[in-house]
C-alpha cells in the first residue's frame, strides 16, 4: 500500500500543490492558490486538489496546510524546490500588492527565494509603514526585520546590517511603546472609521482581552451597534474567557471576585441581544438567576459582601433596563415588574430605576455612539421614578438622594418634587469642597463635581432671580476666587434653566441668556495674564475644558441662536490658545467637539474646530506620547465626521512620529557623534550630511526631549567636527549656539509660538543652547597642533563656572596635561602659569569638595616637578596640599590580591602577546570570554579588563566582513537596544571600511534620525554654512580668534578672564597674538571685541612694549592701517600704545597717528537729535553738546552709522534681540546687550569728525566714564 508521501511524490501536480501550500505562512484564498503554482501545474489544480484536500484546512474560503509537521516533512524531502516555490509565491505577491497575504508575507518569501537580496531591499521604512497601516501583527513585522538582519549577515552586507538594525530600533519603539500605550485610542479611531476587523486586533489577541473590563463593554457596544457582529462575537468570547478565568482562579484562591467582572459579563450578554434578541435575553436571564443565587448564598461571612452582591445586582439590572430603553424603546414600569417578579414595591425601588436612567443618560449615550433622542420610554422612566418616590418613598441616604435628583433634574415636570428632594439634600451636612487636592497642587475633580451639583441645586430652587456674583476680575492673586465664582454661576444657571424649562416659563429665559453672555464676556484673560497667575499650576487647564463644555451645552439648549457666535469666538481666541497652556487648550477642543457630536451639531461647523486643534498638535506638540494620543483622538473625530481623507492623513501623522525619540534621558542621538568620531571621512562625504546632523540635534533639543540630554550631544558635536578636521566649523558652531547673530537669535526665540504668552516668550530662550564649559572641554579633548598656552587660556577662563562640581575633575585632568606640555615646550613661562593655577585653586568660588576634586586630578596628572612647583605656591595661599590618600589615585587599577581569581577577560588579554595561538584562535577566545563572564560585548566601561578585551578583539579583526561574522551570534540574540548594537558595530568597523561604505553609513544614520525627528527646513537653513569649507588657517590662529570672540560674551566674568589671558598670551606667543588683535581693532566691526582688543593691546604695551614694537617692525603695513582707524576710543588707545613703544625707540606709529589728528577745531553748535533709537546714549550726547564739541555733520554721521551697523535689522529688532539675549544669560545682571555696543561704536565713529588735539581728552573722558 502506498504511503501518503508516495501518493504525492509520484504525481508532479500533487507534489507542487502540496509543496506550494506548505510554504504559505498564513492562509490564502482558494482562488489564489492557483496563482502560486508553476505554469505547467496550474491547469491541473482543480483535478488534482480534491484528492489531497484532506492534507489542508479551509477556513472562510482560505486554505493552509493542516499541520506544521507536514510542512517540515515536505521541506526535508524536496529541499531543492523550496527556493523555486518561494519564487512563485513572491511573484504572486508582486502582482497582487494590495492583497492582504501579499502585504503581510512578500518579504518573507523573498528571503526564502532565489533572490534573497530583494528581501534586503524591500525591508525598509515604506514597507514597515504599509504593514502598520494594514494592522499586521507586530510580532510578524518584527520577526521579518530580525530575519532580514540575519540574511544581511549571511550575505555579508555590512552597511545593510546597520540600516536594518536602525529600522528594527524604530519599529520596535513604535510597537512596544507608542502603539502599545495607545492601543485603545487606535481601536476607537478604527471603529469610528468602520474598520472593525482591524480595530479588533487592538482589543483582543488570541482570545485574550487587551483592554480593561469597562473598556471592553464600551467596545462591545460600539461593535454591536455598528452591526459588526463577527468582530463583536469574537470580543464577546474573549470577555467570557476572562470572566471564567477570573472566577476559577479567584474562587480557588479564596480571595473572591471583583464586582466589575460580574457586571462586565452581565452587560456583555445584554449587548449580545443586538444580534440575537432571544438568545441574548435567555443567556442574560440565566446569568441573572446565577446572581440571584449569589445573593442568597449562606457562605457569605460579612455584611460587606452581602451589600456588594446586592449593589452588583442593582447595577446589572439598571444597566439592562437602560439598554432596553436605548435599543428597544422599552421601559417596563415598576408596578408591572413587581407583579411579574413577585417582589413587592418598597423604598429601594426608586434608587434602582433612577440608576437605570443615570446609566442611560451618562454611560450609554457617548459622543462616539449613535445618539438616540429621548423617546417614549424616557418619559415613562421619569414618571416611574416620580411614582416610586411619591408612593413608596426612598432611603434617606445622601448618595441616594443625589442620584434621585440627578435622574429628575433635567427631565421632570414635577418641580415641587424635585425641589423637595433638593431641600432634603441640603439637610445633609455639606462637605467643604476645594478645587485643589490636599497637596495644594492637583485638581480635585470630585470636589469640583460636588460644587457643580450644589450650585445646580441652588439654581433650581432659586425663585428670586438673584444670581451669584462674579467675585473679582482676573488678576495675579485673585484669579482663583474669580474662577470659583464662574464655576458656581455656570452651574447655578443650569439648575435655574432646568426649573424654567419644567415650568415652561420662557419669559425668564432672557435672564439666563443675559447671564450666559456675562460669563462669556468674563472669560477674557490673555495667555500672558494666565501665565502670571500665582500658584495656578495646571488647575485652569483642568477646569476650563469642563466649563467650555458646559457653556456649549447651555447655549445649545437655552440660547441656541448664540451658539454659532460663541463657537466662532472660541476659534478666534485660539490665536492665544484660549489663554491656556497647551494641555488645557487641547482638552477644551477635545471636550467641546465631543459635546457638539452628542448634540448632533453640523459636521461642517465642527470640522474647523478639529483643524485648529490638529494644527496646534502638528506645529507645537513634539513629545511623542502626547502627540500620538492627541492625533489619535483627532483621527477618531474625523472618522466620526465622515472625513475619510482627513482621517487617513492624520493617522499617517501618527505613524510618522511613532518611532521616537523618548522624552526623558534620550541617549540615542549619541549615534550621530559616535558615527562621526569612529568613521572619519574626507570633506566631500562629511559635507553632504554635517548640516543635516546639526539640524537634527537642534530640532530634537526643543520640546521633543528633555533638553539637557540632547544639548549634551550638541556639545559632543563640537568634538565630532574637530575629530574630522573641521576645527573652524566646530568653533563657528560653538559661537552660533552660544551667541547667535541678532537675526538668528530672534528667529530662535520667535519661531515657535507654542505655549508662548507673547511672541518670543516661548520655551526657546534664543541663545546659550548648550553649556559653554562643557563645549570648551570638547574643544580641548580633540584639538591638535595647538600651543599649550592657548589650551591653558581656555582652561583658565572656564575651570571656575556656574556648575563647578559637574566639570571640575575634567578640567583638572586637562590642566595637568597642558602644564606638562608647557614644561616640556618652554620652562621659562611655567612659573607664570603655575601661579595663575594656584589662584584658581584658592578662588573663593570653589567649595572644599570641588577644590579637593581638582587637587586630586592634578596630583594624578602632573609631573613630579610640576607638583612641587604648585605645592610651593599653594602654601603662600594658605593651602596645604597633602598627598595622603592621593597616591592611590595615580594608578587606575590596584594590584591583584594574591588569591584573587583571574577572570577570563584577563586570561584573554594576557594571551594577546603569546605566540602560541593564531589570530583566529585569539578572536574566538576573546569572544568566548564574554560568554563565560556573562557580560555583553555591547556594554561599555563595565570594567577595565572588559574594555581592554573589546579593544583587543577590535585590533585582531581585519575586515568588515570578518567583524560582522564574528559578532553575528551576539547580534542575533536581539537582547540589547538595536541602536546601541549599531553604535558598537560601527565602533568595531573603525578603520576597516572603505570611503563609500562610510558615506553609506553617514546616509543611513542621517535617514534614521530624519524618520524619528523630522526637522523642518527652517532648522536646516540655520546651518547652511556647515557644508562649505573655509580657507585653511592654523589651529593656533583659529583659537586666538575664538578667544578674541569671547570678549563679546555676556558674562562679565568670562570677558574679564579672557581679557587677562589675551594679555598673557601676548607675552607668551608674541606676534601671533598681536597681529590678531591688530586686525580685530581695525576691523570696523561694531562688536565689543573690536574696542576691547585695543584695550588688550594697550595693556600689553604697558607691560610688554617690546613685543608690540617687534611686531610693528616686522609688519610695518599695520602702522598705516592703525592710523586710518576712525573709531575714536580705539584710536585714543593706539595713541597711548604709540607713546608706550616710543619710549623704547619706536616712533613711526606716533608720527603717523599724529598726522591724522587736526590741530584746529571744527565749527560747532547746539544740536538736536529726535531719533528715539538714540535714547540709550542721549546722556552722553547731551554732555558732549554741553561741551560745545558737536555739529550737524556729527549728527548725520551718527544716524547713518547706527542704521548701517544695525543692518539687516532695524534698531527696534536689534533691541528686541538683546531682550532675548539677556534672558538667555539671566544670571548676568550687568550686561546691556549688543545694541549698546552698536550705538557706542557708531558714536565713536561719528565723534571722530569733530575731534582735534585739544578736545581729545575731554571727549575720551565723556565716552569712557563707565
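Here, each number is a calculation from the coordinates, and none is a lab measurement. Model, not experiment: these values are computed from the prediction. When we count neighbours, we look across all protein chains shown, and the Cβ atoms used for this are built from the backbone with ideal geometry, even at glycine.
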Estimated [θ] at 222 nm from DSSP helical runs (n ≥ 4, -39500 (n - 2.57)) normalised by residues in the chain, nearest 500: -21000 deg cm²/dmol
Linear extension gain, residue 803 paired with residue 1027, 0.36 nm per residue minus alpha-carbon span: 77.3 nm
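What does the extension gain come out to for residue 1204 and residue 278, with contour length at 0.36 nm per residue minus their alpha carbon separation?
Values: separation 926, 0.36 × 926 = 333.36 nm, distance 8.84 nm.
In short, 324.5 nm is gained.
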Ranked list, fewest to most other Cβ atoms within 10 Å of each Cβ, for 206, 25: 206, 25
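By how many nm would the segment from residue 972 to residue 413 grow when fully extended, if each residue of separation counts as 0.36 nm and the alpha-carbon distance is taken off?
194.0 nm
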Inter-centroid distance (Cα atoms) of region 544-621 relative to region 325-388, Å: 32
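Residue 508 to residue 436: FRET efficiency via 1/(1 + (r/R0)^6), r the Cβ-Cβ distance, R0 25 Å, to the nearest 0.05?
Efficiency, rounded to the nearest 0.05: 0.10.
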Simple spin-label estimate for residue 876 and residue 336 in nanometres, 7 Å along Cα-Cβ: 10.8
Evaluated over region 52-111, the Cα radius of gyration and Dmax, each in Å: 12.8, 33
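In nm², what is the average projected area of the convex hull enclosing the Cα atoms of region 786-884?
Details: hull surface 23.2 nm².
Projected area, direction-averaged: 5.8 nm².
If each residue's Cβ is checked for other Cβ atoms within 10 Å, how do 1157, 1137 rank with the fewest at the top?
If I rank by nearby Cβ atoms, fewest first, I get 1157, 1137.
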Rounded, prolate or oblate (a/c below 1.5 giving rounded, otherwise prolate when a/b exceeds b/c) for region 813-860 by Cα gyration tensor: oblate
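Based on the Cβ-Cβ distance of residue 392 and residue 605, what FRET efficiency does E = 1/(1 + (r/R0)^6) give at R0 = 51 Å, to the nearest 0.05?
Once the sixth-power term is evaluated, E becomes 0.65.
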Separation of alpha-carbon centers, region 164-229 and region 108-146, rounded to whole Å: 21
Residues 378, 969, 1127 arranged by fewest to most Cβ contacts within 10 Å: 969, 378, 1127
Euclidean distance of C-alpha centroids, region 981-1043 and region 737-812, integer Å: 20
Spacing of the two label points (7 Å from each Cα toward its C-beta) at residue 1103 and residue 1007, in nm: 5.7
Bins of 5 Å, starting at 0 and running to the largest distance - Cα pair percent for region 471-547: 3, 14, 23, 22, 14, 10, 8, 5, 2
Residue 60-residue 288 FRET efficiency (beta carbon distance; Förster radius 35 Å; 0.05 resolution): 0.50
Distance between modelled label sites at residue 76 and residue 1060, nm, 7 Å Cα→Cβ extension: 8.4
Average Cα contact separation per residue, region 396-446, under 8 Å, 6 or more apart, as relative contact order %: 27
With Cα atoms, 0 to 90° folded angle of helix 1105-1114 axis to the chain main axis: 90
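Return the inverse of the average 1/r over all pairs of distinct C-alpha atoms in region 398-462, which is the Kirkwood hydrodynamic radius, in Å to one decimal. List each step's numbers first, then the result.
Values: mean 1/r = 0.0789 Å⁻¹.
The Cα-based Kirkwood calculation yields 12.7 Å.
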